[in-house]
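Beneath this line is the structure, given in structure tokens, with notes to follow.
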Amino acid sequence: MPNTLLEATWSPPLHELPITANDLDLMFLHIMRVSAIFADAQQMIRPEYFDRTTEPHYAVLWGALVEAHARYGTLNYECVSNFVLNRLTASPDTVSPGMRTALLQPDRNGIIYNGLHSADTDLVPELGRDILRKFLRERGVIQPLRTLFNQGGGRTFISDMPELLNSAVSELGRIESLRTMPIAKSMPARGSEFPPPIIYEPTGLQFIDLFTRGQRRGDANGLLGVYGGGKTTLGLQIAVESARLAAAEGNQELSVYLSYEESESKVLPRIWANAGSIRKAKLESVFVEENWDLLSTLTNLEPYERELTGSAPGMVLSESERWDQARTLLDGHFVLFDMSGSENYPGAGAGYVDEIVGLLERLVRDRNASLRTVIVDYAGLVCRRHMEANDIAEERLRYFLGGLGDTLRRQVANRFNCTVWLLQQLNAEQPTKSPTTLLHHTNAAEARNFAENLAVCGCLGTIDRSTGCLMLNWSKVRYHSERTRPAPILQIDQHFCRFVDVSTEYTADPQCHTFLDASDARTIYGGIDGDVPPRNPPRDIGNLPDVEI
């Protein structure tokens with residue numbers, strides 16, 4: 001042993017080499033001198049972490065330290081030495097001549113003396129924490145897994161492998177928590193540097209931004225709806241608008257959509273219709289007939305093209321031009337992951353959040369880009385596919401669903417500095433509610449606590465079959481409350497696979513629980529001119545869907 005343990009050489013990085021006797025000497029030096037490190041070690045070190053054959057003196061010392069602190073609430077040389085001596089006396093057959101000397105020698109060559117008599121000024125606490133973390137990883141995670149895998153010469157089938165790996169990952173998380181104390185700063189002094197502001201970025205959809213102020217990076221948000229209520233339509237619309245905003249800002253950010261329910265062949269035409277403002281029926285004809293010439297040009301514009309919002313006289317773009325623009329937009333800023341288990345990607349979709357994180361990491365690396373928005377459609381299938389693949393009992397579904405939002409927040413939104421939108425069904429009772437009933441996030445299917453850890457959650461109501469209207473209730477907005485503004489009234493435009501805000505054209509009838517156009521509402525209920533906006537010309541939104549489009 002060197003004259004002082006701090007004179008020992010140290011060769012980082014810590015994770016590349018196994019723990020040595022030098023490491024253990026340094027670790028115990030810091031444990032004995034730094035009360036905070038002792039407290040961390042006391043919570044994490046188990047007696048079996050020390051090899052009884054090659055490290056018996058460390059096992060004796062650790063037991064004595066824990067016993068002395070439990071009895072007297074402190075550590076000093078006399079007290080610890082006494083407990084060590086008692087342990088050595090109780091097991092004389094296991095005590096070698098060198099063990100007693102190494103532990104109890106009353107000078108700087110003795111581990112206890114050196115640890116409890118030297119000054120604190122020559123310590124590097126972070127070094128002690130690094131060694132402690134390395135020790136815990138090796139003895140608490142790596143060695144047990146190595147022993148398990150080596151059982152039966154590698155031929156033994158381990159039936160509970162997922163649970164064991166999850167336990168190892170959880171233990172690693174606890175170990176890494178020793179790295180820092182995540183204590184937030186208190187109030188800054190006047191005149192000091194200002195903390196970074198909370199930034200709300202627009203989604204590009206006014207019927208969202210007016211109620212939520214936009215979206216925040218690092219948040220997981222939710223969208224709920226009944227079957228056929230338009231969750232996928234709204235999710236795709238948010239994703240496309242996010243890509244459009246990224247393109248307008250001239251950055252390399254991506255909008256990502258993970259589709260667990262529908263394959264790419266079903267989802268892509270809706271994305272193209274939305275991004276290019278080309279009627280979905282026209283696109284279907286193009287691909288069925290395999291004829292690109294069916295798209296209009298400036299010489300044969302379709303009647304609907306002259307009515308598109310923002311298409312001023314002389315500025316109308318043909319379908320061919322809009323297709324090319326949309327293709328550039330989507331190629332640069334939009335990514336669709338087919339997680340449905342389709343024949344093209346049969347193995348995708350069963351890996352839960354770890355699979356999502358792995359895909360996003362590869363995407364960011366391969367594209368040399370960052371993420372802006374990630375849409376997961378939808379939560380129930382994310383959990384069920386994982387549970388089926390790992391033979392997890394159905395009754396545990398609510399636990400996976402209840403924690404999914406927080407898991408995505410930590411592992412995706414925070415990790416990639418983006419916003420996550422998580423889609424999910426409402427329970428089976430909600431479709432029986434009237435179209436003007438504001439639905440609530442506590443009625444999520446399978447898990448009433450689905451939105452517990454979400455920053456924002458919106459609920460799409462049931463569709464009024466006579467008008468095609470529904471209401472979007474932002475039942476949870478953690479950081480902002482807009483109580484004075486009525487819930488927006490929306491319609492699904494099937495031609496372009498998007499929602500349209502028709503709040504100025506329709507109003508909710510409080511007596512009949514349906515929707516009336518503005519002029520009819522004024523006629524029936526009266527009011528001063530201007531109280532109810534005049535009705536706009538009827539919009540062709542296509543036939544009302546029987547299922548979600």
At 20 °C and 1.002 mPa s, the Stokes-Einstein diffusion coefficient in µm²/s for segment 223-364, with hydrodynamic radius from the Kirkwood sum on alpha carbon pairs, is 128
Segment Glu78-Val124, length gained on full extension (0.36 nm per residue, minus Cα span):
14.1 nm
For Phe334, which sequence-distant residues (separation of 5 or more, or a different chain) have an amide H within less than 5 Å of its own amide H, given hydrogens modelled in the peptide plane?
Ser255
Here the percent of antiparallel bridges among DSSP beta bridges lying wholly in segment 206-525, to the nearest 5, is 35
How large is the translational diffusion coefficient of the chain in µm² per second when you combine the Kirkwood radius over alpha carbon pairs with Stokes-Einstein at 4 °C and 1.567 mPa s?
46
In whole Å, what is the distance between the alpha-carbon centres of segment 216-269 and segment 427-466?
19
Under 8 Å for C-alpha pairs, at least 6 residues apart: give me the relative contact order for segment 206-525, rounded to a whole percent.
27
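What number comes out for the charge environment of Gly218, summing +1 per Lys or Arg and -1 per Asp or Glu over other residues with Cβ under 11 Å away?
Residues close to Gly218 contribute a combined charge of +4.
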Other residues with Cβ under 9 Å from the Cβ of Asn453 give, with Lys and Arg +1 and Asp and Glu -1, a net charge of -1
I'd like the FRET efficiency for Asn166 and Thr299, computed as 1/(1 + (r/R0)^6) with the beta carbon distance as r and R0 of 51 Å, rounded to 0.05.
0.25
Could you tell me which residue out of Tyr345, Thr328, Val376 lies farthest along the dipole of segment 279-385 toward its positive end? Charges go on the beta carbon: Lys and Arg +1, Asp and Glu -1, centred on the Cα centre.
Val376
Listed peptides 450-463, 421-434 by packing density, highest first (mean Cβ within 10 Å)
450-463, 421-434
Along segment 500-513, Karplus-curve 3J(HN,Hα) (6.51, -1.76, 1.60; θ = phi - 60°) to the nearest Hz, with x for Gly and Pro, reads 10, 7, 10, 4, 8, 9, 10, 9, 6, 7, x, 9, 8, 6
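Determine the calculated [θ] at 222 nm for the chain from helices alone, applying -39500 (n - 2.57) to every DSSP H run no shorter than 4 residues and normalising by the residue count; nearest 500 deg cm²/dmol.
On the way: 18 runs with 217 residues, N = 549.
Result for the chain, helices only: -12500 deg cm²/dmol.
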Compute the signed sum of charges (Lys and Arg +1, Asp and Glu -1) over the other residues within less than 12 Å, Cβ to Cβ, of Ser296.
-1
Length-normalised contact order for the chain - Cα pairs under 8 Å, 6+ apart - percent:
15
What residues qualify as long-range amide H neighbours of Ile489, i.e. H under 5 Å apart, gap of 5 or more or another chain, H built at 1.01 Å from N?
Val502, Ser503
For a protection proxy built on the mean count of beta-carbon atoms within 10 angstrom, sort 370-376, 199-205, 414-420 highest first, please.
370-376, 414-420, 199-205
Asp324 paired with Ala281, simple spin-label distance in nm, labels 7 Å along Cα-to-beta-carbon
2.8
Can you give me the long-range amide H partners of Ser296? Hydrogens built in the peptide plane at 1.01 Å from N, cutoff under 5 Å, separation of 5 or more residues or another chain.
Glu319, Ser320
Can you give the relative contact order of segment 256-384 as a percent, counting alpha carbon pairs under 8 Å and 6+ residues apart?
41
Can you run phi through the Karplus equation (6.51, -1.76, 1.60; θ = phi - 60°) for segment 291-300 and list ³J(HN,Hα) in whole Hz, with x for Gly and Pro?
9, 5, 5, 5, 5, 5, 10, 5, 8, 9
Would you please put 438-448, 186-196, 352-362 in order of how densely packed they are, using the mean number of other Cβ atoms within 10 angstrom per residue and starting with the highest?
438-448, 352-362, 186-196
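The numbers here are math on the coordinates, done by the rules we state, and not lab data. If you're wondering where the values come from, they're calculated on a predicted model, not measured in any experiment. Because the Cβ atoms are built from the backbone with ideal geometry, glycine has one as well, and the counts that use them run over all protein chains shown.
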